[in-house]
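Enquirer: Could you have a look at this structure, given as structure tokens, before my questions?
The values are calculated or read from the model by the stated rules, or taken from the named source; none is laboratory data. In this text the structure is predicted, and so the values were computed from the model without any measurement. For neighbour counting, all protein chains shown are included, and Cβ atoms are generated from backbone atoms with ideal geometry for every residue, glycine included. Keep in mind that these areas ignore ligands, DNA and RNA; they rest on the heavy atoms of the full protein, side chains included. Shrake-Rupley method; radii C 1.70, N 1.55, O 1.52, S 1.80 Å.
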Amino acid sequence: MTTLYEQLGGEPAVDAAVDIFYRKVLADGRISRFFDAVDMQAQAAKQKAFLTMVFGGPNRYTGRDMRMAHARLVTQGLDDGHFDAVVENLGATLRELGVNDAQIGQVAAIAESVRNDVLGR
Amino acid sequence: MPTLTWRGRELPLEVGETILDALERAGEKVASSCRVGACQSCLVRARGGALPAGAQKGLRPALVEQGYFLACQARPDDDLEAAPADDLPQLRATVARIERPAPDVARIFLEADGAFAYRAGQFVHVARADGLTRPYSLASVPGDALLELHVKRAPSGAMSGYLCEALAPGDVLTLRGPAGSCCYDDSRPAQPLLLAGTGTGLAPLLGVARDALARGHTGAITLLHGALTAAGLYADEALRDLARRHPTFRYAPSVLGAAPDDPRAGALRDHLARALQVTPGARVFLCGPPETVGPLQRDAFLAGVKLRDLLVDAFVTAAPAR
């Protein structure tokens, strides 16, 4: 049986998704400030790692990694509303890439599984 | 069993082990995050030996050429020597001459003491005799006899003050580098190039433009140089001359304070926005202070420029001395 990551198209699909997803979050006034960075390449690389994880691809992130990576953003006010907005942009990105609703649901479920770690709870 | 040489230590590699695993096992501190080759946190540089397949996955051509690789993706079959990404070679350079094309800009030409391999568009850390060190971009291209730096005199800037006012021909500086990947590569020779920067952000762009022309780039190259006043267009003459000699090269100066009927009038940001509109599919190089290039790269990306086509060098100024 193929994994969700393989069904979605593997690494090339992640690369395509990063370009679309990053444009969406930068244009989304609710969350753009968390993604505005002088080093956009480094920011994009982090998003690639994030999208690889939620696509069910190879990753070794632990809950502790997620907490540490977002701790600074939590002190800047990162909350459930922002998390929801990211998931919403993620869904819109996948729809644009022709991913079906069942698969989008699976991706959203993986994202949901790290919500408490990302928000430092 | 292959051996990794790292900062003078010889570390035996276990079968199937990555460089990152081996370094961590040996107690070496290396940044890392995703460990699957996506986040590029564990970037290091090969100094000798052959890199295994996949170790440079997803890196820009300029980084690949210089031997950078991802420690988490490298499972060497043979001996390898590697170093941290910021562990750069050092050399001495003697000041050959200094030009002052604008009241607050110095063009410094240096003769390197020995061979110095670099790519146009890269930067070096320049150190004064007492150790004060600042990064400066190279405006020269590797074929030039001398290295060239452009220094803007910053108010109360310790290093720029020294370089612009005290430095004289015959003086010796220490350079560490090169670093940076804001470089041309000839993978798509017909792609249009847009190069934009303010002030001495021009330096690396000049190198990139000359490098692209020398490598036979056939697509249009547009260089946008922004300044507050016409006097700040400190390479006006040389760039007009370059445009006369190369039909594919266009020089587009902009002057924030120019009269409205002057075609150069307006902010670089507006000039770049118009250039992006009429140049779909361009590769975009942006150089200058972060407050300039931050908004420019955001504009370019939201206008549809792909991330892989966005090459940015933000000049971060040191905090003022107290």
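Enquirer: Can you list the cysteines of chain B that have no other Cys Cβ under 4.7 Å away?
Expert: Within chain B, the cysteines lacking a partner Cβ under 4.7 Å are B:CYS42, B:CYS72, B:CYS164, B:CYS182, B:CYS183, B:CYS287.
Enquirer: In what sequence, highest mean first, do B:251-257, B:141-147 appear when ranked by Cβ atoms within 10 angstrom?
Expert: On the way: B:251-257: 19.7, B:141-147: 15.6.
The densest-packed peptide leads the list: B:251-257, B:141-147.
Enquirer: Here is a further query. Positive end of the dipole of region B:196-322, charges at C-beta (+1 Lys, Arg; -1 Asp, Glu), about the Cα centre: which of B:LEU268, B:ALA282, B:GLY201 has its Cα farthest in that direction?
Expert: B:ALA282
Enquirer: Nearest 500 deg cm²/dmol is fine: what mean residue ellipticity at 222 nm does chain B get from its DSSP H runs of n ≥ 4 alone, each adding -39,500 (n - 2.57), divided by its residue count? Don't skip to the answer; put the middle values down first.
Expert: On the way: 7 runs with 63 residues, N = 322.
Using -39500 (n - 2.57) per qualifying helix, the result is -5500 deg cm²/dmol.
Enquirer: Here's something else I'd like to know. Quick one: what Rg and Dmax do you get for the protein assembly as shown from the alpha carbons, in Å?
Expert: Reported Rg and Dmax, both Å: 23.4, 72.
Enquirer: Relative contact order (percent) for region B:1-156, with alpha-carbon contacts under 8 angstrom and 6 or more residues of separation?
Expert: Details: 278 pairs, mean separation 27.9, N = 156.
Here the relative contact order equals 18 percent.
Enquirer: Relative to the isolated chain, which residues of region B:16-55 have their accessible area cut by 30 Å² or more in the presence of all protein chains (1.4 Å probe, heavy atoms, no ligands or nucleic acids)?
Expert: Flagged in region B:16-55: B:SER33, B:CYS34, B:ARG35, B:VAL36, B:ALA38, B:CYS39.
Enquirer: Treating only the Cβ of Lys, Arg, Asp and Glu as charged (+1, +1, -1, -1), what charge dipole size does region B:67-107 show about its Cα centre? Round to the nearest 20 debye. Walk me through the numbers before you get to the answer.
Expert: Details: 5 positive and 8 negative charges, 102 e Å.
For region B:67-107, the charge dipole is close to 500 debye.
Enquirer: Relative to the longest principal axis of chain B, what angle (0 to 90°, nearest 10) does the C-alpha long axis of helix B:202-214 take?
Expert: Around 80 degrees separate the two axes.
Enquirer: Sorted from largest down, give the three principal axis spans of the alpha carbons of region B:1-103, whole angstrom values.
Expert: Over region B:1-103, Cα extents along the principal axes are 59, 28, 23 Å.
Enquirer: Still on this structure, please answer the following. Please get the size of the charge dipole for chain B, origin at its Cα centre, with Cβ charges of +1 on Lys and Arg and -1 on Asp and Glu, quoted in debye to the nearest 20.
Expert: Working: 35 positive and 35 negative charges, 130 e Å.
In debye, rounded to 20, chain B gives about 620.
Enquirer: Quick check: net charge around B:ALA154, other residues with Cβ under 14 Å of its Cβ, Lys/Arg +1 and Asp/Glu -1? Intermediate results must be reported in sequence, preceding the final value.
Expert: Numbers: positive: B:ARG134, B:LYS152, B:ARG153; negative: B:ASP104, B:GLU165, B:GLU291.
Result for the neighbourhood of B:ALA154: 0.
Enquirer: Treating only the Cβ atoms of Lys and Arg (+1) and Asp and Glu (-1) as charged, compute the dipole magnitude of region B:203-322 about its Cα centre; round to the nearest 20 debye. Don't skip to the answer; put the middle values down first.
Expert: Numbers: 14 positive and 11 negative charges, 74 e Å.
Once rounded to the nearest 20, the dipole reads 360 debye.
Enquirer: Once you average over the residues of B:297-305, how many Cβ atoms of partner chains fall within 10 Å of each Cβ? Present the calculation step by step, with values, prior to reporting the outcome.
Expert: Values: counts 5, 6, 0, 1, 7, 4, 1, 2, 1.
Partner Cβ neighbours, averaged per residue: 3.
Enquirer: Taking chain B as the reference, fit the longest principal axis to its C-alpha atoms, fit the long axis of helix B:268-278 to the helix C-alpha atoms, and give the angle between the two in degrees, 0 to 90, nearest 10.
Expert: Once rounded, one gets 80 degrees.
Enquirer: Turning to a different aspect of this structure: Can you tell me, using C-alpha contacts under 8 Å and at least 6 residues apart, the relative contact order of chain A as a whole percent? Provide the component values of the computation, followed by the final result.
Expert: Values: 95 pairs, mean separation 42.1, N = 121.
Worked out over chain A, it gives 35 percent.
Enquirer: If you don't mind, another one. List the aspartates and glutamates whose Cα sits under 15 Å from the Cα of B:LYS29, skipping any in the same chain fewer than 8 residues away.
Expert: Straight-distance partners of B:LYS29: B:ASP21, B:ASP86, B:ASP87.
Enquirer: On C-alpha positions alone, give me the angle between the axis of helix B:236-245 and the longest principal axis of chain B, in degrees, nearest 10.
Expert: On a 0 to 90 degree scale, this one is about 80.
Enquirer: Where a Cα-Cα gap under 30 Å defines reach, which lysines qualify for B:LYS306, not counting those fewer than 8 residues away within the same chain?
Expert: Leaving aside lysines fewer than 8 places away in the same chain, those within reach of B:LYS306 are A:LYS24, A:LYS46, A:LYS48, B:LYS57.
Enquirer: How much net charge surrounds B:PRO89 when only other residues with a Cβ under 15 Å from its Cβ are counted (Lys, Arg +1; Asp, Glu -1)? Let's see the in-between values first.
Expert: Numbers: positive: B:ARG7, B:ARG45, B:ARG47, B:ARG92, B:ARG119, B:ARG176; negative: B:GLU81, B:ASP86, B:ASP87, B:ASP113.
Taking every Cβ under 15 Å from that of B:PRO89, the sum is +2.
Enquirer: Quick one: go through region B:288-306 and flag any residue whose amide nitrogen is under 20 Å from the point 7 Å out along the Cα-to-Cβ line of B:GLN277.
Expert: B:295-306
Enquirer: Looking only at region B:123-252, where both bridge partners belong to it, what percent of the DSSP beta bridges are antiparallel (to the nearest 5)? Walk me through the numbers before you get to the answer.
Expert: On the way: 10 of 20 bridges.
Percentage antiparallel, nearest 5: 50.
Enquirer: Compare the Cα positions of A:VAL74, A:GLN7, A:GLY57 along the charge dipole of chain A (+1 at Cβ of Lys, Arg; -1 at Cβ of Asp, Glu; about the Cα centre) and return the one farthest towards the positive end.
Expert: Of the candidates, A:VAL74 comes out farthest on the positive side.
Enquirer: Could the peptides B:12-19, A:89-96 be put in order, highest first, of the mean number of other beta-carbon atoms found within 10 Å of their residues? If you can, show how the numbers build up before the last one.
Expert: On the way: B:12-19: 15.6, A:89-96: 18.4.
With the highest mean Cβ count within 10 Å placed first, the list reads A:89-96, B:12-19.
Enquirer: While we're on this one: If you roll a 1.4 Å probe over the protein assembly as shown with all protein chains in place, what percent of the accessible area is carbon or sulfur? Display every interim value, and only then the final one.
Expert: Values: 10650 of 20310 Å².
Accessible surface attributable to carbon and sulfur in the protein assembly as shown totals 52 percent.
Enquirer: How big is the Rg/Rh ratio for chain B, C-alpha atoms only, Rh by Kirkwood, two decimals? Could the numbers behind the result be given before it?
Expert: Working: Rg = 21.0 Å, Rh = 21.1 Å.
Across chain B, the Cα-based Rg/Rh ratio is 1.00.
Enquirer: Under 10 °C and 1.306 mPa s, how fast does region B:187-266 diffuse according to Stokes-Einstein, given a Kirkwood radius computed over C-alpha pairs? Answer in µm²/s, whole number.
Expert: Details: Rh = 12.9 Å.
Stokes-Einstein gives a translational diffusion coefficient of 123 µm²/s.
Enquirer: If you don't mind, another one. Using a 1.4 angstrom probe, figure out how much accessible area the protein assembly as shown has per residue, in square angstrom, rounded to the nearest whole. Mind dumping the intermediate values first?
Expert: Values: 20310 Å² over 443 residues.
Each residue of the protein assembly as shown exposes 46 Å² on average to a 1.4 Å probe.
Enquirer: Where does the charge balance sit around B:THR133 when Lys and Arg score +1, Asp and Glu -1, over other residues with C-beta under 13 Å from its C-beta?
Expert: That sum, taken over residues with Cβ under 13 Å, equals +1.
Enquirer: Averaged across A:43-49, how many Cβ atoms of other chains sit within 10 Å of each residue's Cβ atom?
Expert: Mean shielding count: 6.
Enquirer: Determine which residues of region B:82-118 fall in the zone a paramagnetic label at B:ARG9 would reach in this model, i.e. backbone nitrogen under 17 Å from the point 7 Å along Cα→Cβ.
Expert: B:82-87
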